[in-house]
Each structure stands twice: as structure tokens, then as C-alpha cells.
Amino acid sequence: MQEIDTFYVDGRFATSHGRARLALVNPATEDVLGHVLLGDAHDALAAVASARRAQDAFARTTPAERIGMLKRLHAALLRHGDALRDATIEEYGGPVTRSAWVAAFAASTFLDAAHTLEGFAFERTAGDSTVRLEPVGISVLITPWNSNAGSICSKLAMAIAAGCTSVVKPSELSALQTRVVAQAIHEAGLPPGVVNILNGRGDVVGSTLCQHPDVARISFTGSNGTGLAIARLAIESMKRLSLGLGGKSPTLVLADADFTRAIPAAVNAAFQNSGQACIAGSRLLVPRHRLQEAEALIARHVAQLRVGPPDDPDTVIGPMATHAHWQRVQGYIRAGLDEGARLLAGGLHRPEGLQKGYFVRPTVFTDVHNGMTIAREEIFGPVLCVIPFDDENEAVHIANDSPYGLHAYVFSGDQARALAIAGRLQAGRVAINGFRHDPLAPFGGYKASGIGREYGSAGLESFLETKAILQVA
Ligand code: NAD
């Protein structure tokens, strides 16, 4: 049994003042792995005070000093890579390859931030004036359970690059992963108070942090409901805010695409991270005259995807993170059936042979209309909607007919056509003919998918205030 009863403050691990305990459950076995002692408002205030004490000196560090810190963080996270992978498998149910990628990604964010910082101009000119970019100040970084370690590290990397101290409020469901990350950060030997990490419930610790007058900036990734609540709190004291929220991303497979390549890739885009991905391509748009062909390829590919224990290297889709989330996904599958969508694969209940664990059958609905609940709402599980279109204009219309606009995928045999379609899509990122992450390119959403951008220079600038200095000779 693993018991986590400390939080990271002032450069050391201290026992939480909060007394509430939360059980940590292995989603593949339903066994209790341990408990986390949740912080309370007292702990939140201590964490902000620690960041406050460190902020002024940290803001005066040079970019070269901070690049050194980022490189030490990168090395420390790499040393803890196996532990982070294993915690992600055990606590979150992430399949082995995915969990190993998560650990490598978490480490790489620090190196990427170091590279961004290397060429970054903190002083510029505009007109006849000097423009200085200065650290915004104490930043609260709030993360979700589906990408806890990656979000902690990518947000922290940018805050550090900018010269901001931080209080991290990770998902309370991810305490084992957070403990590994916190230990690595501690070993990197940053000045005390630059990074503070606090387990706790969002409505206790999170809201205390978001209302604190000393906090200048909030970087939040999570659900739309929470994002809205945080935005309301933030605006009361004019905090700088970025929100990384939900998605219902379209994959447009154009008529000239190579279906044998595009369709498996599109299914993988939908089911990445067991479908628990903000950027999941959960609406697959295919030309009506090639629908049957697409359906056959989808069915064949889905049948090959192994759902099972996340520690099995052959597993592609692991369990949902919690029982409550499993129930939510089942509810959406039921809604799809009730709405009259045609089931191409999967369906209700656990996959055959899996009696325990929060496993979902990889599910594909076809003949979906974009007005159906399953096409409009973020399901956050391995559930794919196939929507036919008659021409490219209709495909673009369907793609954009969504409250969300986080990501989009386009497949075409003609790069120029794909680029033209990309230009018409309301999405913060568009991937053409496959999926890749670019850590230096901006990431964030149009419309209800959020406010602001992360990564690269756009991410760094979001932790900076702009000051224009106008001199009279
Ligand atoms: P959530 O909103 O339930 O929780 C996210 C975090 O907010 C947690 O740490 C939680 O404790 C905290 N929180 C909850 N209430 C709070 C409050 N009142 N004040 C301050 N903090 C509070 O989200 P989740 O279920 O953990 O994450 C899943 C969601 O995250 C999905 O909608 C997914 O699309 C989204 N997401 C978005 C991105 C992106 O980059 N756009 C990336 C990953 C996940």
C-alpha cells in the first residue's frame, strides 16, 4: 500500500495540514493501491507564500541560469523515466508504450523550453520605444488526470523559462505520478520556492489558489465546466489566464486519400490514450460514396486493437481512469444507440474476457448525424463517430459545426488540397496525412476548446507581461 502524505513546498517535502484521504485505485484491477492525504486551504496558502518569497529573486535570474535549471530538470526527469512510466501504468491504466511516451514527453518539455529560451528576445523595439517582456509573477498550474505528468512539466517548463515561480495543483487522481515528478524536480536542485506542488481537491485547494491575491497567472488544463468556474474566479482579480479545455476533433478523409493508410491512422487518432485525449479525432468524416469501403477498413482495424491489461506490451487500449468515467462513457454509448446511430464495432459493457477493470469495448458508430449528442459532446473514451459527407464544402461545414476547435486531421492524396482545407478549419492545430506532435508549435483551442496557447515562444510569452518604455530625450 502506497501512502502519500506530503506536499512539496519551500524546496522540501512537508506533511499536509489537510486530513482528508483519497483512495488511489488501479483502474485495470480495481484494487486500492494506496492513499493520498489531500491538502487544504492552509496548505494552499503555505504554497503561495513559498512562491511569493522566491519570486523576486527568481525574476532576476538570467536566461542562461534558467536554461541551466531546465537542463537539470530534463536530466532528472529522464532518470525517473521508468518510475514515471510504471506509475502511469499502475495508477492511470496507460498502456506500456503510451506510458513510456508520457515519461519521455514529460522530460523533453524542459529541454524544449530551454531551446525556446535560448533564442528568445526579452527586449524588443516598437516604433521609437523599447518593449520589455517581464515575468508575470506567481503562477498556478492546474492539471487533469489524463495527462498529469506531461501537463505539470510542460506548464512548469514555460513558467521557469519566463522567470515565474509556481504552485502546481495536479489532478488528485494522479498522486503516484505526481510523487515521481516531484521527486525528480526536487533532485534538480532549484532554489527553494520556485516550484511548489500540492495535492488536493479542485474545489478546496484549486479554488483557494485561483482566488489568492498574490497569484498573477493561472494555467489550467481540464474540463470546460471547471475552466469556466476558474475563469470567473480569475477575472475578479484580473489574473492572466490560459485554459486548455475539451475537444471533439474532426478527421477529414478526402475522396482522393489513400484509405488503406488514412483509415487506420484516423482510428488511431480517435483511440489514442485509450480515447481519453483532448485531441482525439472522435468525428471521422468520410465521402458518402466511399462509406462502405471506409467501414470495412475501420471494422478490420478495430478488430485488431487489443484491449487489456495496460502492463501487457500488446495492449493498445487500456481501461478508463475511474469507475465514474467508465459509467459516463457507457452512458454515451447508450445515447448513440438510442439516437439511432448504426453500431459498426463494440457497444455496451466490458470487452469479452475482461470481468474486472474499467474497460470499454472500442466502439464505432456509423451513419452518425452531426447533430446527435455523440457527435457534439466530448465522450473522452474509445468511441468514434463516422459521419458521411457529399462534398468538401459540406465536410468543412460539418467539421466546423462544433462548439469545440482544438485539433483537426486531414487526409488527402494532394498536399495542396489538404492545406487549403486546413486553412478553412476552425482548429488550433491541423495535422495533415498523419499525426505528429511539434513541441515548438503553438497548442491550444479555438472556440470552447480554450483560451491562449502553450508550447514554444507563444507558450513562453503567456507567462510574460509586456512593458513599453517611452523615453523623451
Ligand atoms: P477537471 O476539470 O475535472 O479537473 C482538472 C483539474 O481541475 C483537476 O486538477 C481538478 O482537481 C481541478 N479543479 C476542479 N475543480 C476546480 C476548481 N473549482 N478550482 C480549481 N481547480 C479545480 O478535468 P479532468 O476530468 O481532470 O480532465 C479531463 C478534461 O481535460 C477533458 O475535458 C479534456 O478534454 C481536458 N483536457 C484538455 C487538454 C487541452 O490541452 N486542451 C489536455 C488534456 C485534457
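The values are calculated or read from the model by the stated rules, or taken from the named source; none is laboratory data. It should be emphasised that the depicted structure is a prediction, and the values quoted were computed from it without experimental measurement. With ideal geometry, Cβ positions are generated from the backbone for all residues, glycine too; neighbour counts draw on all protein chains shown.
Would it be correct to say that residue 131 is in a helix (DSSP H, G or I), aliphatic (A, V, I, L, M) and either more than 23 Å from the chain's Cα centre (by Cα) or modelled with pLDDT of 95 or more (or both)?
It is false that residue 131 is in a helix (DSSP H, G or I), aliphatic (A, V, I, L, M) and either more than 23 Å from the chain's Cα centre (by Cα) or modelled with pLDDT of 95 or more (or both).
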Flagged pairs (Cβ under 9 angstrom, 6 or more apart or on separate chains; first in the stretch 62-84, more than 20 Å from residue 101 (Cα to Cα) and modelled with pLDDT of 95 or more; second of a type in the set (Val, Ile, Thr) and surrounded by 15 or more Cβ atoms within 10 Å (Cβ to Cβ)) are 66/160; 69/61; 69/160; 69/194
If I filter the stretch 198-215 for residues that are touching a Gly at 6+ places or on another chain (Cβ under 7 Å) and surrounded by fewer than 23 Cβ atoms within 10 Å (Cβ to Cβ), do I get at least one hit? no
Selection from the stretch 361-374 of residues that are of a type in the set (A, V, I, L, M) and away from the ligand (no atom under 16 Å from the Cβ): 364, 368, 372
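When the residues of the stretch 147-178 are narrowed to those that are among the polar types (S, T, N, Q), in contact with a Gly (Cβ under 9 Å, 6 or more places away or on another chain) and near the ligand (Cβ under 8 Å from one of its atoms), which ends up farthest from residue 59 (Cα to Cα)? Explain how you work it out, then say what you get.
To start, the set of residues in the stretch 147-178 that are among the polar types (S, T, N, Q) comprises 147-148, 151, 154, 165-166, 171, 174, 177-178.
Those left that are additionally in contact with a Gly (Cβ under 9 Å, 6 or more places away or on another chain): 151, 154, 165, 171.
Among the residues that remain, those that are also near the ligand (Cβ under 8 Å from one of its atoms) are: 151, 171.
Numbers: 151: 23, 171: 27 Å.
Among those that are among the polar types (S, T, N, Q), in contact with a Gly (Cβ under 9 Å, 6 or more places away or on another chain) and near the ligand (Cβ under 8 Å from one of its atoms), it is 171.
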Among the residues of the stretch 116-143, write down those that are under 18 Å from residue 59 (Cα atoms) and of a type in the set (A, V, I, L, M). 117, 121, 131, 133, 136, 138, 140, 141
Would it be correct to say that residue 246 is more than 19 Å from residue 430 (Cα to Cα) and either within 16 Å of the ligand (Cβ to nearest atom) or among the acidic types (Asp, Glu) (or both)? no
Please specify each residue of the stretch 9-23 satisfying the condition of being closer than 16 Å to residue 173 by Cβ and aliphatic (A, V, I, L, M). 20, 22, 23
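For every residue, the table says whether it meets (1) free of Cβ contacts under 8 Å to residues at least 12 places away in the same chain; (2) β-branched (Val, Ile, Thr).
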{"site": "155", "(1), (2)": "no, no"}
{"site": "173", "(1), (2)": "no, no"}
{"site": "177", "(1), (2)": "no, no"}
{"site": "193", "(1), (2)": "no, no"}
{"site": "205", "(1), (2)": "no, yes"}
{"site": "232", "(1), (2)": "yes, no"}
{"site": "241", "(1), (2)": "no, no"}
